[in-house]
1. Protein chains only, probe 1.4 Å: how do 332, 254, 165 rank by accessible area, largest first?
2. Placing unit charges on C-beta atoms (Lys and Arg positive, Asp and Glu negative, everything else neutral), compute the dipole magnitude of segment 218-366 about its Cα centre in debye, rounded to 20.
3. Which residue fluctuates most in the GNM of the chain (Cα springs below 10 Å): 196, 305, 331?
4. Just need the relative contact order of segment 285-366 here, percent rounded to a whole number, with Cα pairs under 8 Å and 6+ apart.
5. Enumerate the amide H contacts of residue 323 below 5 Å, restricted to partners 5 or more residues apart or on another chain; note that Pro and chain-start residues carry no placed amide H.
6. Please enumerate, by chain and number, the aspartates and glutamates with C-alpha under 17 Å from the C-alpha of residue 103, excluding those fewer than 8 residues away in the same chain.
7. Among 50, 216, 319, which one moves the most in a GNM of the chain with springs linking Cα atoms closer than 10 Å?
8. What is the distance, in nm, between label points placed 7 Å from the Cα along the Cα-to-Cβ direction at residue 46 and at residue 278?
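The values are calculated or read from the model by the stated rules, or taken from the named source; none is laboratory data. Since the model is a prediction, treat every value here as computed from it, not as a measurement. So basically every Cβ, Gly included, is an ideal-geometry build from the backbone, and we count neighbours across all protein chains shown. For the accessible areas, the whole protein counts, side chains as well, though only heavy atoms, and no ligand, DNA or RNA atoms are used. Shrake-Rupley method; radii C 1.70, N 1.55, O 1.52, S 1.80 Å.
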Amino acid sequence: MDVLENLGLRDSVVLLSGGSNFTILREEARKFERAELHLFDPKAGEELERMLGRRVFKGLKDLELLLEDLKPDLVFVEISGLKSLKVVLKSLEISKRVALASKESLVVGGKFVLEKYKRMRDTELIPVDSEHSAIFQLLLGEKKENLDEIVLTASGGALRDWDLTRMKDARIDDVLKHPVWKMGKKITVDSATMVNKVMEIVEAHYLFEIPFERIRALLHREGLIHSMVKFTDGIWKIHFGFPNMKKPIAFSITYPYRLRTDEKFIDPLKLLNISLEEIDRNRYPIFDLFDRMLNLPSSSFIVFNVADEIAVREFLNGRIPFSAISVIISNTVLRFDHFEPRDLKDVHEIDGVGRRMAEEEVEKWV
Ligand code: MG
């Protein structure tokens, strides 16, 4: 919202969905007076309608119909979970540009998104995730066949320097103190387990159509390198700058132009103190699971996503310890009888069965 206001686009916003966030939509609705409003929860939608005296659309179906009706030039999708997939697919169909902040849509339905994107020749798909925005920028003007390897940088999350035995029982407050980025709760927990980085590898695989074995994640503490790309001639390009989510958000809107800012620029001498490290698998056991998932059909990504959603929810509810998150995800993914989803119906079914299994795994801990 800040980015849109800074770009002077407040009056161009035709639709504002608060997702599940009643409070934020209520605040923003006052500023974005011309926008249609939407919330997923019908009850919350009705309440907001009464408070504002404005119509509020409700549920996924309404959102899809609104998109069809309004045909916005740009749809910025940052819906979490499985719902994001349908919204991304619809947006690719009706819009000129989809700015994609929902990595879940690619994790659960990457092949469907890619299929639709290729069919809609005039639609642009611009990643917003900071690492993927960086890679997108690094690849501008390059031929696809020149791309040899991608390195995604990872901050390591809030517990990166904790003693391993202490880390097991880290409290909610500790996990939510991200060292570099200011983000929502779920993704901040996902950073501490590096589930987020695993999802980003999947995201990069689909967005840039590069095999998994050519994507690597490295720990990078300073947060100044947002990703790196190696080309077939051995040359690396590095995306370097201050970490601030407003940059990739703005880029997804202004591309092919860039913002002009008068803020302090980063001194290139900072490159002298940059560190890159191999990721420690004892600290982030989720990578061992990921290795095994690469030999499984892509239903494993859907189960991974939903098991994480449940485990993080229960951790934030104070019902399970921090160390249980990765165990619950692993057990759920490895219990599932995997297969290749043929359509969205399959995706939903896998999500439903995975959800029940993850809930059973949670019960073993409480
Ligand atoms: Mg990211």
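1. Sorted descending by solvent-accessible area, the residues read 165, 254, 332.
2. Dipole of segment 218-366, to the nearest 20 debye: 620 debye.
3. The residue that fluctuates most here is 331.
4. Once divided by the residue count of segment 285-366, the mean separation gives 41 percent.
5. Long-range HN contacts for residue 323: 170.
6. Straight-distance partners of residue 103: 78, 115, 124, 129, 131, 190, 200, 203, 209, 308, 309, 351.
7. Taking springs between Cα atoms under 10 Å, the residue moving most is 50.
8. About 5.9 nm, to one decimal.
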